[in-house]
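Heads up, the thing below is written out as structure tokens.
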Amino acid sequence: MHGSRDQQLTMATDAQAGTRSEGRVPAPSSAAAGSRTPLLRLAKIGKSFGAVEALTDIDLEIYAGEVLALVGDNGAGKSTLIKTISGIWSPDQGQEFWDGQEVHIRHPRDSAALGIATMYQDLALADNLDIVENMFLGREVVRAGPLDETAMEISARQTLSDLSVTTVRSIRQPVGSLSGGQRQAVAVARAVLQDAKLVIMDEPTAALGVSQTKMVLDLVRSLSDRGVAVLLISHNLNDVFAVADRMAALYLGRLAGTARVADIDTQQAVSLITTGSLTPVAAHAARKD
């Protein structure tokens, strides 16, 4: 449907593009890819459900410290891809590599053991528990039998402070009383406490207001600054252009292309999402470069 030309949109201009903001570690360029090992590399990943091919020949690389935005229309395969990376579903074909070594992610325990934390839209938080209890749920700190509440409070408070989360009134308030942005902050802090190396965020700003959206985008930047890779799934191109280093567009289960966000505009991004290819002018420019 879309030939190799459209699948080779890891643009040559990557090598000349600058960083998103001062002080940030530059996102990897295609020229530098050969000298730097991706944290996660997917090679020819395929996934089918009966006669439906949800994913076909997906080649994708994610590097430590970068924000990679995964975009695509409804039904493009985004959810299938992140569930495959997270171990919810096993790929039917292809290979997965973690820090240069082939791995087999067949269960959520496998992805967690590697350092992959997935934040779905429901965030999997317990509303009846407080912030500290949610951050340490399932991995509580114990000392000679009872829970070490003091140690957990200190760690939770420090982690939130390191992430510049300042809007939480008390780390002992129930999560059910928090705003959408604050709930995202708790989920991110939990991932940091788990020493996650790759955080997958599924539509983290959906249904959030302006101030809460800013809080979440600041959290994404904070994770990246800490050297954590972030795979950001979003329909909001404003968010993508605000925080992402690179963009990967899925179209009908195939990778339409990847590009540095600094090298494309909104019109080109929309074209990749809706048609699976760049506009003719942009495609010509990419070939020329």
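Every number in this text was worked out from the coordinates using simple rules, so none of it is lab data. Computed from a predicted model, the values in this text were never measured in an experiment. Cβ sites come from the backbone with ideal geometry, for glycine too, and all protein chains shown count toward neighbours.
If the cut-off is 25 Å between C-alpha atoms, which lysines fall inside it for Lys214, apart from same-chain ones fewer than 8 positions away?
Lys78, Lys197
What residues have an amide H closer than 5 Å to that of Val228, excluding those fewer than 5 places away on the same chain, when H is modeled at 1.01 Å from N in the peptide plane?
Sorted by chain and number, the residues that satisfy this are Gly65.
Segment 96-112 to segment 55-82: how many Å between their Cα centroids?
16
Would you pull out the residues with amide H under 5 Å of Val103's amide H, same chain only if 5 or more places away, H placed 1.01 Å from N?
Glu96, Phe97, Trp98
Per-residue HN-Hα couplings for segment 144-158, Karplus 6.51 cos²θ - 1.76 cosθ + 1.60 at θ = phi - 60°, whole Hz, x for Gly and Pro?
Rounded to whole hertz, the list is 6, x, x, 5, 8, 4, 5, 4, 5, 5, 4, 5, 5, 5, 5.
Please compute the modelled spin-label separation between Asp195 and Arg143, points set 7 Å along Cα→Cβ, answer in nm with one decimal.
2.1
If I stretch the segment between Thr167 and Asp225 completely, what's the gain in nm (0.36 nm per residue apart, minus their alpha carbon distance), one decimal?
Details: separation 58, 0.36 × 58 = 20.88 nm, distance 2.06 nm.
Full-extension gain reported as 18.8 nm.
For the pair Val103/Ala51, report the inter-label distance in nm, with labels modelled 7 Å from Cα in the Cβ direction.
Using points 7 Å along Cα→Cβ, the separation is 3.7 nm.
Quick one: 3J(HN,Hα) in Hz for segment 129-137, Karplus 6.51/-1.76/1.60 with θ = phi - 60°, rounded, Gly and Pro as x.
9, 7, 4, 4, 4, 5, 5, 10, 4
Which distance in nm do the two modelled labels at Asp218 and Thr150 give, with both placed 7 Å along the Cα-to-Cβ direction?
3.1
What list of ³J(HN,Hα) couplings, whole Hz, do you get for segment 108-116 from phi and the Karplus terms 6.51, -1.76, 1.60, once you set θ to phi - 60° and write x for glycine and proline?
Calculated HN-Hα couplings, in order: x, 5, 5, 5, 5, 5, 6, x, 9 Hz.
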